[in-house]
Structures are given as C-alpha cells and as structure tokens.
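Visitor: Would you mind keeping the following structure in view while I ask a few things?
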Amino acid sequence: MPMLNYKTKSIAPGTWAIEEKSPVSQGLCYLLCGTAQALLIDTGFGFPGLKSAVESLTDLPVTVVNTHGHVDHIGGNHFFSNIWLHADDRETFAMHSNMAYTSSLMPGLAFVLKTPLRRFLTQVLTVPPGGEYHYFTDGQTFDLGGRTVVCIHTPGHTPGSCVFLDKKQRLLFSGDTVCAWGVLLEFRECCPPEVFLESMERLLAIQESFGTIWPGHHAFPIDKGYLAEYREGAQEIVNGTAQFIRKGKRIFAKHGRILIALPPDYPKGA
Ligand SMILES: [Zn+2]
C-alpha cells in the first residue's frame, strides 16, 4: 500500500477537518455533525481509509456534499449512499470520472503512472459508481439537527462550484473557490474571470456572517482578507490591468498573496 494518510483535526464543536495526503496530492474534507445527521463536505481522491476516518468521528448517518465535480473532491463519494452536487456541475463530474481526462490535468502523475503505483492510481482516479445522487441549486439547506448549513453558488473554478456556510458557527467551507495559494480558472470547464469576479462580490457581501474560511487545499483556515484580494485580482483581469507571470506553459495573474491561473492562450481563449 502506498503511503497514504487521513489526519483528522477538531476545528469547532462537532466539526473536523480530514486532511488527505498522498505522495502527489493534498486536500481537505470537512465533517460537520448535528444531532440527527452528519455532513461530509467533499471526499478527496477517496483513498482506502476515508470511510473509517469518518466512522471514527461519528455514528450518525452521513450525507455527502461536493463543493464541485473535480476528481480530487468526488473520488470517495462511492463509500457513501447519499450524495449531493450542484446541478451545473453534472458535466464536470462526468469529465472528472474519466481517467483519460483527469490524468492529463496532473503533470506530476505522468511519472507516477509509469511506476508500480499505476494499478492503485487507476482505481483511485476513476470514480466508481455507487451511492444515490441528488442535485441542488443555490440556497439549498441541509438541516443536521440543531445546525443548518446553506449552499451558496459561486461559479468560476467550475460552473457548479459552491461554498457552504454554517451561520451558527460562522464557518465558510470554500472548496477550490477560495484557497491560500490561488484559484485555477485554466481548465476547459472553468468560467470566464467575469463570472468568478461576481462570485467574489457575492461572498464579500455576506462576509459578516462568517469568521474564518476553510478551503479545499493547502493551509487551513485562511483569513477573510483573501476575498478582497481575489476580487481585486479578478477585477484587474477584467479591466486589462492585471500583472501576469508565466510558469512554463501556464499563465497567472498575480495580486497580493494570490494567483489566478488562466487558460494558456489567454486572453484569446478566454
Ligand atoms: Zn477543483
């Protein structure tokens, strides 16, 4: 078995971060427990051990919600029976259940696929069928018993990207829409920067309702100051005043602490 690790960390009453690590990836799932049920936000690549990590924290029935349909957020859905995704990410979900597409997105993987890990990774990078799927739109609420979580549609990284707000505990779970390192708007399923900009305006308008942001990757939690930086960075792209940097074939707009990755032929392909 390759080196894999699920590390759980209590972040608020009845709330845990579950960090998934492999030699080529790092991601975060979150488990929120009410009195009647538990909500699991994202399922990572879904390596063996995810389900037992969740079961070590709660006996409640688990509902899965995906922040978006990317392979590193949906891979463990099949361990659970009740799964929810934004309706606008059905196509992205289908693309990301296909290994030919997903392996082309991860340059680090090309090397690993030539090693004995190939068989294992093939299992992980295809999303096995299983579970019952439900599709929501903006404003969907999940009542966990004494605790309600609301979905806010924030398209950009994908058409159906969402964040989840727990108003009572003032936590915002942001998936890949807001991370410390940057946001990727470079894939064919991504929305134009104008759409991402509107999503940042939307989150800034409700920023009094949460204290911290819990992203899908990298450092956690992150401060709310990131929202204004993403808004300004996206505004500069839209205005044509962004400062661009190139890393190999990739192009990024840089603003303050954050990067916004754009399609390689930007602005032609945008
Ligand atoms: Zn993603």
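The values are calculated or read from the model by the stated rules, or taken from the named source; none is laboratory data. Since the structure is predicted, the reported quantities are computational estimates derived from the model, not experimental observations. Neighbour counts are summed over all protein chains in view; Cβ atoms, including those assigned to glycine, are modelled from backbone coordinates with ideal geometry. Quick note on the areas: whole protein, heavy atoms, side chains included, nothing else; ligands and nucleic acids left out. Shrake-Rupley method; radii C 1.70, N 1.55, O 1.52, S 1.80 Å.
Visitor: Which residues, counting only those in region 165-183, are more than 15 Å from the ligand (Cβ to nearest atom) and either open to solvent by less than 10 Å² (accessible area, probe 1.4 Å) or among the aliphatic types (A, V, I, L, M) (or both)? Talk me through it step by step, then tell me what you get.
Guide: Looking only at region 165-183, we keep the residues that are more than 15 Å from the ligand (Cβ to nearest atom), and these are 165-172.
Within region 165-183, L165, D166, L171, L172 qualify.
Visitor: Quick check on region 184-205. Is at least one of its residues open to solvent by 10 Å² or more (accessible area, probe 1.4 Å), at positive phi and basic (K, R)?
Guide: No, every residue in region 184-205 fails to be open to solvent by 10 Å² or more (accessible area, probe 1.4 Å), at positive phi and basic (K, R).
For (1) assigned to a helix (DSSP H, G or I); (2) in contact with a strand residue (DSSP E or B) (Cβ under 9 Å, 6 or more places away or on another chain); (3) over 21 Å from A12 (Cα atoms); (4) open to solvent by less than 30 Å² (accessible area, probe 1.4 Å), each residue gets a yes or a no:
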site: Y30; (1), (2), (3), (4): no, yes, no, yes
site: A36; (1), (2), (3), (4): no, yes, no, no
site: L39; (1), (2), (3), (4): no, yes, no, yes
site: T43; (1), (2), (3), (4): no, yes, no, yes
site: S52; (1), (2), (3), (4): yes, yes, no, no
site: T63; (1), (2), (3), (4): no, yes, no, yes
site: D72; (1), (2), (3), (4): yes, yes, yes, no
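Visitor: Could you grab the pairs with beta carbons closer than 6 Å, sequence gap of 6+ or different chains, first residue in region 84-108 and closer than 17 Å to F136 by Cβ, second one among the small types (G, A, S)?
Guide: Qualifying pairs under 6 Å: H86/G160; D88/G160; D89/G69; D89/G160; T92/G69; F93/G69.
Visitor: Right, here's the next one. Among (1) assigned to a loop (DSSP other than H, G, I, E, B); (2) in contact with a Leu (Cβ under 8 Å, 6 or more places away or on another chain); (3) over 16 Å from T154 (Cβ atoms), where does I237 come up short?
Guide: Failed condition: (1).
Visitor: Continuing with the same structure: I'm trying to understand the selection: among the residues of region 106-132, which are within 27 Å of L172 (Cα to Cα) and open to solvent by 60 Å² or more (accessible area, probe 1.4 Å)?
Guide: Pass one, region 106-132, residues within 27 Å of L172 (Cα to Cα): 127, 131-132.
Selection gives E132 alone.
Visitor: Being more than 15 Å from V64 (Cα to Cα) and loosely packed, with under 15 Cβ neighbours inside 10 Å is the requirement here; does R147 meet it? Let's see the steps before the verdict.
Guide: On the way: more than 15 Å from V64 (Cα to Cα): yes; loosely packed, with under 15 Cβ neighbours inside 10 Å: no.
Criteria not met by R147.
Residues are listed down the side, and each one gets a yes or a no for (1) open to solvent by 70 Å² or more (accessible area, probe 1.4 Å); (2) touching a residue at least 12 places away in the same chain (Cβ under 8 Å):
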site: I222; (1), (2): no, yes
site: N239; (1), (2): yes, no
site: Q243; (1), (2): yes, yes
site: K249; (1), (2): yes, yes
site: P267; (1), (2): yes, no
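Visitor: Considering only residues that are open to solvent by less than 50 Å² (accessible area, probe 1.4 Å) and not in a helix (DSSP H, G or I), look in region 85-105 and name the one that is nearest to R188 (Cα to Cα). Walk me through it before giving the result.
Guide: At the first step, the residues of region 85-105 found to be open to solvent by less than 50 Å² (accessible area, probe 1.4 Å) are 85-87, 89, 92-93, 95-97, 99, 101-103, 105.
Next, only the ones that are not in a helix (DSSP H, G or I) stay: 85-86, 96-97.
Working: L85: 19, H86: 18, H96: 12, S97: 15 Å.
Ranking the candidates gives H96 first.
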